[in-house]
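Participant: Take this structure, written in C-alpha cells, and hold onto it; I'll ask about it next.
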2 protein chains.
Amino acid sequence: MDILELIRDLETKNDSKIVMLVADGLGGLPMKPGGPTELEAAHTPNLDALAKRGTSGSSIPIKPGISPGSGPGHLGLFGYDPIKYLIGRGALEATGIGFKLEDNDVAIRCNFCTLDADGKITDRRAGRIPTEESAPLAEKLRAVSIPGVEVFVEPVKEHRFVVVFRAEGLGDNVADTDPQKTGVAPLDPKAHDDAASQKTAEVARQFVAGAQELLADQPKANGLTMRGFSKKPNIPSYEEVYGLRAAAIAVYPMYKGLAQLVGMDIVGEPSTLDEEIDVLESAWNDYDFFFVHFKYTDSRGEDGDFDAKVKATEDFDKIIPRVEKLNPTVLVVTGDHSTPAKLASHSWHPVPTLLAADCCRTDPCERFSEIECLRGALGQFEAVYIMSLAMAHAGRLEKFGA
Amino acid sequence: MDILELIRDLETKNDSKIVMLVADGLGGLPMKPGGPTELEAAHTPNLDALAKRGTSGSSIPIKPGISPGSGPGHLGLFGYDPIKYLIGRGALEATGIGFKLEDNDVAIRCNFCTLDADGKITDRRAGRIPTEESAPLAEKLRAVSIPGVEVFVEPVKEHRFVVVFRAEGLGDNVADTDPQKTGVAPLDPKAHDDAASQKTAEVARQFVAGAQELLADQPKANGLTMRGFSKKPNIPSYEEVYGLRAAAIAVYPMYKGLAQLVGMDIVGEPSTLDEEIDVLESAWNDYDFFFVHFKYTDSRGEDGDFDAKVKATEDFDKIIPRVEKLNPTVLVVTGDHSTPAKLASHSWHPVPTLLAADCCRTDPCERFSEIECLRGALGQFEAVYIMSLAMAHAGRLEKFGA
C-alpha cells in the first residue's frame, strides 16, 4: 500500500484551504566554494518570516541523485510516486501545449525533417525551420484523413509538432521512427507487441504517407519522424485521492497540462505572477487546494544566470504577503527540483521546502535557504510526502487504525 | 523499478573519475558517555578539510538497527539493495578466500568434526584443529571423485573449509547437514524441492561418504558437516548498471571477491594502504571507478581496541592527499558499517560519509565525524544511494523524464 492508497482511505473533508506555491527549479548551488546559493543571495524577507513561523526541510524530488524532468518533478509534488506513474514523451508533449488527452488517444512527438530524392534524411530537424514557417505546415497536415481515426496535428515550436490519433483500441507500444542519424530513411512504424499497437503502427504508416504527399514541395520540411508514442497515463485524480477540489494556476501550458492529468481545474489565464495571485484571490471560495506555478526561477537557472535567478527569487518573495493575507490553513513553498545556475540544468539536489500552518512543529530556521533547511523539522524527505504532510496539517486525514 | 533499474536507464558516459574509499567499520561509539568516538578522537586534518569542501551525511548500511556482515555491507555501498541481492553463505565463504565462482557452481561451507564409533558427533569443530593440521586434510579431500562433477576443496582456517561442486544442473536448495548439537550423527544432505537440488544432495552424499573414508584414521577430524549450500548470486554487473569500467583495490580476498561478484576488475596485489594507492595511481587511466578498501579500522574495532582504531583512522587519513592529487571528479569516503571498539563487533550505527565534487551542496560541517555529519547536506540516508549520488555528481546520469 503506497502513500496514495493510505491517504485515499484516511482523507476527510473540512473547510480548510491548502496553497502550494511552486517556484520551479528553486534549489541552487554556490557558483564557487563558500559562496551563497541563489536563494541565499536573494533578499527574501517574506519567505524568511514564513520559514521562521513554519517548518522547513529539504525535499528529494525522486530519489537521491536523480534529476527529474518537469513531469516526474510535478507528479512527486502532487503526491504521486513519480517512478510508478510515468508519463510517456508524446503524452507529455501534448500536455505541454495544452492538448487535453482523452482515454483513447495516442500522442506522438513529431519532427519535420529534410529528405533527399531517395527519401533519406539529410537534416533531422529540417534546418531548424522557424515556427512561423512550421506552424502552418503542421496545420496543413490536419488534412490527412484516416478512416475510423480522428487525427489531431498541433504545432509546437520550430521543427516540432504533436500528432494525436483518437480511435478505439489503439495501443502505444510502437517504436520511434526517428533513426537518430542522417543518410538513412525514417524507420517504418513498428509495433513491439499486441494487436492494439499493430493498429496504431498501421495508422501511423498511413499518416506518414499522407503527410509526405502534402509536404512533397517543401524545400526543408518535406518529411517527418515520430517518437514517444504514448497514451494518457492512468493516474487517480486529486478528487479521488485527496477529496480536494483542486485548482491549478499557471502561465505555461506544460504545468497546466500536468495539473490537468491529475484532475485539477485550470483556472484563469494569467500571464504574470501578479496575475496568478489575482486568479488565486478570485477563485479562493471555489476550491480547497491551489497549485500556483512560478516559472522564472527555473528559466533563469537554465540560462546559467545566477544574478537573474536571484532576481526571479526576489520577485517570487514579493507575492508572499498577498498569499498570506488570504489566510490559508496550510501554505507550502517548494520547487519541483533544483536548477542551479552553476549547472544551467535541472539537478538532483534536494529542494528547500517549507510548510506553514497553525499546528506545525517549529524549528530553529531563521530564514529560507538550503543551509537553514538542514536544521528544519521536516528533515530531508521525499517530495512525494509533501501532500500527506499538507493534508495532515489541514486536518484532512483521519487517524490510521484504532 | 528500483534505483538500479533507474540508473541503468539513465546512465551516460563521460571522462569523469569516481573514487570510493571504504574504511571498513569506520563509524564508532564513545567508550563512555560524553567521550569522543574513534573518528572524533583521531587527528584527521585531511578528512576534515575534505568534509569542509564536500558534503557530509550519515549512511544507514541496511535499515535502521540492522548490523550488516561484510557481504551486504559492501553490496549496499556498491548500490545493490542488500536485502534483495543476497549472497549465500557458501558463496560468500568461497568468495572470501578468493575462489572465483562460476555460474554452475554450488559452494558449501564445511566444518571438520569429531565422530565417535557410532558416527555421532562428539565435537562440532574437531577440537578447533589448527590450520596447519586442517589445511592438508582439506587438500587430501580433493581426491574424492564423483562422476560428472568437478569437485574443489579449499582450506579456510582451523576446522573450516569450502567445497565447490561444478556441474550442469545443480541446485542450491539443500538443507545444512550440521545438526547444531553433539550426540547425534550429521544429517543426511536433503533437498528442499526441485530435481536440481536433489542432484546436489546426491552429490553431497557421495562426497561425504568418500571424505569419511579418507578421514577414517584421523583422531580429531574424522567427519564433516556442510552448511550454506549456495550458487553465485545473480547480480547485474557494474558495467551493465553504471556503464563504469570499475577497478577494485583491496588487500584481503573477501573484498576482492565481493567486488568481483559485481564485475569489478581486481587490480594489483597491494599488501598495505600505501601500496593500494600506488595501484590506484598506476591504474588511473584505465578505469572510471575505483573502490579502495581499507581493512584496519574494522579489525581494530573488532579487537575492542579503541586507541588502535584511532591510530588506524589516522593512518587512513594520511593517504587522502595522494588521492586528492589525482583530482577525482567525485571522491566518496565511507564505511560498510560501524565497528565500535566499545562493542568489538559490527554495528547498525549510521556511518559517517562524505562526498566531495565541484557541484556538491555545501553544508556547515567543519570536520569529518559522527556528530558533524548530523549537520551535513546528505542528511541520514540509505547507503544504497551512495552510488546514485556519486554518478549524479560525476555528470553520469541523464534527467529522468522530460
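Participant: For labels at A:ALA209 and B:LYS120 in the simple 7 Å Cα→Cβ model, what's the distance in nm?
Facilitator: So the label points at A:ALA209 and B:LYS120 sit 8.7 nm apart.
Participant: Taking the Cα atoms of the stretch B:152-205, report the difference between the largest and smallest coordinate on each principal axis, in whole Å and largest first.
Facilitator: 31, 25, 14 Å, listed from the longest principal axis down.
Participant: So, for chain B, what is the accessible surface per residue at a probe of 1.4 Å, expressed in square angstrom? Present the calculation step by step, with values, prior to reporting the outcome.
Facilitator: Numbers: 15830 Å² over 402 residues.
Value for chain B: 39 Å² per residue.
Participant: While we're looking at this one, here's another question. Give the calculated FRET efficiency between B:ALA175 and A:GLU102 to the nearest 0.05, with a Förster radius of 51 Å applied to their Cβ-Cβ distance. Let's see the in-between values first.
Facilitator: On the way: r = 58 Å, r/R0 = 1.13.
The computed FRET efficiency comes out at 0.35.
Participant: Sticking with the crude label model, points 7 Å out along Cα→Cβ, report the distance from A:ALA216 to B:GLU398 in nm, one decimal please.
Facilitator: 3.7
Participant: With the calculation restricted to Cα positions, what are the radius of gyration and Dmax of the stretch B:1-98 in angstrom?
Facilitator: 17.1, 48
Participant: Related question: Quick one: check the C-alpha center-to-center distance for the stretch B:332-402 versus the stretch A:137-180, whole angstrom.
Facilitator: The two parts, judged by their Cα centres, are 47 Å apart.
Participant: Can you check what the Kirkwood hydrodynamic radius comes to for chain B, Cα pairs only, in Å to one decimal? Show your work: numbers first, answer last.
Facilitator: Working: mean 1/r = 0.0445 Å⁻¹.
About 22.5 Å for chain B.
Participant: Count, for each residue of B:382-395, the Cβ atoms from other chains sitting within 10 Å of its Cβ, then give me the mean as a whole number.
Facilitator: Values: counts 2, 0, 2, 5, 2, 2, 6, 5, 1, 3, 7, 4, 1, 2.
Mean partner-chain Cβ count within 10 Å for B:382-395: 3.
Participant: Here is a further query. Would you mind giving the mean number of other chain beta-carbons within 10 Å of the Cβ of each residue in A:67-74, as a whole number?
Facilitator: Numbers: counts 7, 4, 5, 3, 3, 4, 3, 1.
Mean inter-chain Cβ contacts per residue within 10 Å come to 4.
Participant: Right, next: Placing +1 at every Lys and Arg Cβ and -1 at every Asp and Glu Cβ, with all other atoms neutral, what dipole size does the stretch B:294-402 have around its Cα centre, in debye to the nearest 20?
Facilitator: Values: 13 positive and 17 negative charges, 57 e Å.
That gives a dipole near 280 debye.
Participant: Please sort A:294-302, A:328-336, B:273-281, B:321-329 by packing, taking for each peptide the average over its residues of neighbouring beta carbons within 10 angstrom, highest first. If you can, show how the numbers build up before the last one.
Facilitator: On the way: A:294-302: 22.9, A:328-336: 24.9, B:273-281: 18.4, B:321-329: 15.4.
Going by the mean number of other Cβ atoms within 10 Å, highest first, we get A:328-336, A:294-302, B:273-281, B:321-329.
Participant: Continuing with this model, one more query. What does the structure give for A:34-40 when I average, per residue, the other chain Cβ atoms found within 10 Å of the residue Cβ? If you can, show how the numbers build up before the last one.
Facilitator: Working: counts 3, 1, 1, 2, 0, 0, 0.
What the average comes to for A:34-40 is 1.
Participant: Can you list the residues of the stretch A:343-364 that have at least 10 square angstrom less accessible area with all protein chains present than in their chain by itself, probe 1.4 Å?
Facilitator: Those are A:LEU343, A:HIS346, A:TRP348, A:HIS349, A:PRO350, which lose 10 Å² or more relative to the chain on its own.
Participant: For Cα pairs less than 8 Å apart in space and 6+ apart in sequence, what is the mean separation divided by the residue count of the stretch B:252-402, i.e. the relative contact order in percent? Can you show the working numbers first?
Facilitator: On the way: 143 pairs, mean separation 24.6, N = 151.
With pairs under 8 Å counted, the relative contact order is 16 percent.
Participant: With a 1.4 Å probe and every protein chain kept in, tell me what percent of the accessible surface of chain A is carbon plus sulfur.
Facilitator: The nonpolar share, carbon plus sulfur, comes to 47 percent.
Participant: Next question. State the Kirkwood hydrodynamic radius of the protein assembly as shown in Å, one decimal place, computed from all pairs of distinct Cα atoms. Could the numbers behind the result be given before it?
Facilitator: Working: mean 1/r = 0.0335 Å⁻¹.
Result for the protein assembly as shown stands at 29.9 Å.
Participant: Given a 1.4 Å probe and no ligands, DNA or RNA in the count, how much accessible surface is buried by A and B, both sides, to the nearest 100 Å²?
Facilitator: Details: alone 16940 and 16980 Å², together 31670 Å².
Looking at A and B, the buried total is near 2200 Å².
Participant: Note down the nm distance, to one decimal, between modelled labels 7 Å out along Cα→Cβ at A:GLU132 and at B:TRP284.
Facilitator: Going by the 7 Å Cα→Cβ label model, 5.5 nm.
Participant: Something else about it: Please state the equivalent ellipsoid semi-axes for the stretch B:29-178: what are the square roots of 5 times the Cα gyration tensor eigenvalues, largest first, in whole Å? Kindly include the intermediate steps, with their values, before the conclusion.
Facilitator: Values: eigenvalues 326, 93, 45 Å².
That gives 40, 22, 15 Å for the three semi-axes.
Participant: Using per-residue counts of other Cβ atoms within 10 Å, averaged over each peptide, order A:369-376, B:304-311, B:164-171 from highest down. Display every interim value, and only then the final one.
Facilitator: Working: A:369-376: 22.8, B:304-311: 18.9, B:164-171: 17.1.
Going by the mean number of other Cβ atoms within 10 Å, highest first, we get A:369-376, B:304-311, B:164-171.
Participant: For an R0 of 25 angstrom, estimate the FRET efficiency from the Cβ-Cβ distance between A:MET31 and B:ASN327 and round to the nearest 0.05. Intermediate values should be presented prior to the final figure.
Facilitator: Numbers: r = 20 Å, r/R0 = 0.80.
Efficiency, rounded to the nearest 0.05: 0.80.
Participant: Can you tell me how much longer the chain between A:ALA185 and A:ASP303 gets when fully stretched, taken as 0.36 nm per residue apart minus their C-alpha distance, in nm with one decimal? Please report the intermediate quantities before stating the final value.
Facilitator: Working: separation 118, 0.36 × 118 = 42.48 nm, distance 3.52 nm.
Extending this stretch completely gives an extra 39.0 nm.
Participant: Let me ask you something else. Aspartates and glutamates near B:LYS17 by alpha-carbon distance under 15 Å, same-chain residues fewer than 8 away left out - which ones?
Facilitator: Once the sequence-local aspartates and glutamates are set aside, what remains near B:LYS17 is B:GLU239, B:GLU281, B:ASP286, B:ASP288, B:GLU324, B:ASP358.
Participant: Right, another one. What Kirkwood hydrodynamic radius do you get for the stretch A:101-145 when you take the inverse of the mean 1/r over all pairs of distinct Cα atoms, in Å?
Facilitator: 12.5
Participant: Mean residue ellipticity at 222 nm from the helices of chain A, using -39,500 (n - 2.57) per DSSP H segment of n ≥ 4 over the full residue count, to the nearest 500 deg cm²/dmol? Show your work: numbers first, answer last.
Facilitator: Values: 15 runs with 131 residues, N = 402.
After summing the helix terms and dividing by the residues of chain A, the value is -9000 deg cm²/dmol.
Participant: Any chance you could run the full-extension gain for A:ARG166 through A:THR12? It's 0.36 nm times the residue separation minus the Cα-Cα distance, nm to one decimal.
Facilitator: 51.7 nm
Participant: Could you compute the net charge surrounding A:ALA246? Neighbours are other residues with a C-beta less than 12 Å from the C-beta of A:ALA246; K and R count +1, D and E count -1. Could the numbers behind the result be given before it?
Facilitator: Working: positive: A:LYS17, A:ARG245; negative: A:GLU239, A:GLU240, A:ASP265, A:ASP286, A:ASP288.
Within the 12 Å Cβ shell, the charges total -3.
Participant: Something else about it: Sorted from largest down, give the three principal axis spans of the alpha carbons of the stretch B:320-391, whole angstrom values.
Facilitator: 37, 25, 25
Participant: Calculate I(q)/I(0) for the stretch B:279-359 by the Debye formula, one identical point scatterer on each C-alpha and no solvent, and give its log10 at q = 0.13, 0.22 Å⁻¹ to two decimals.
Facilitator: Values returned for q = 0.13, 0.22 Å⁻¹ are -0.48, -1.06.
The values are calculated or read from the model by the stated rules, or taken from the named source; none is laboratory data. What you see is a predicted model, and the numbers here were worked out from it, not measured in a lab. Positions of Cβ are generated from backbone atoms using ideal geometry, with glycine treated the same way; all protein chains shown enter the neighbour counts. Only protein heavy atoms, including side chains, enter the accessible area calculation; ligands, DNA and RNA are left aside. Shrake-Rupley method; radii C 1.70, N 1.55, O 1.52, S 1.80 Å.
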